Amino acid sequence: MNLKNLTLLLGLLPFYMSPLQAEIIDNDFYITDTSTGLEWLDVTLTINQTYNYIASQFGEGGEYEGYRYATALEFNQLVGNYADTIITQTQVRHVLKSKRNVDKLIAMLGSTQRSIKHVRGYEVDQRYRGKKWARMLDSVTGITIKNTPGDDYIHISYSLIAKTQDFGTKIWFYSNADMNKYVPKHVSDPEVGSFLVREIPEVEVEVEVEVEVEESSVED
């Protein structure tokens, strides 16, 4: 009785790496949201570039090959996944719990704000309508898109995550997707980038398996 060791090469098999628990992973120049399968490019890499320019760079050989514009709803989903909350509405400010360390999310996406800004009270919250100024301490602002069913025109607007200090000493965070503001597609802003996403690429894994096969001889 002879034994032969046969090595079977199963080939290159595509595996989608999906962990048991979704998380937001910082990869330096982009972050990964494992629950949606999307990778988000650092917004600071697209600061001061127009929508038209960036949209022209998605094809093969382009500066942002493989990426596309994120929608306002995808932006809400990213923020909600990180902050452990559900955000469905656009053009509405959503207060985010500071215990979720929203500072870190702003840093991972890339802060686009150059300096502390003073904003009018009603721009922060209707409770402060009678107040003159609050302070926006930090923020990340980028272009997102919104597709209206039955409308081939792509609407663009700003979405942001902000760290704000109100008229006392309290510091709080909020997000606002698809802010109700007209954004020209041919105009850039030195404090605005773009929220670009791509699908998490599949990982090909080569697997080798050794199988022992029993070879028997039969005598007449």
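Each reported figure results from applying straightforward, stated rules to the coordinates on display, with no laboratory input. Predicted, not measured: the structure shown is a model, and the values here were computed from it. Positions of Cβ are generated from backbone atoms using ideal geometry, with glycine treated the same way; all protein chains shown enter the neighbour counts.
What the table below lists for this structure:
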{"quantity": "ILE116/ASN180 FRET efficiency (R0 25 Å; Cβ-Cβ; nearest 0.05)", "calculated": "0.55"}
{"quantity": "Listed residue pairs exceeding 21 Å between alpha carbons, taken from LYS104/LYS170; LYS117/LYS185; LYS117/LYS163", "calculated": "LYS117/LYS185"}
{"quantity": "Nearest-0.05 FRET efficiency for THR32 and GLN91, computed from C-beta distance (R0 41 Å)", "calculated": "0.90"}
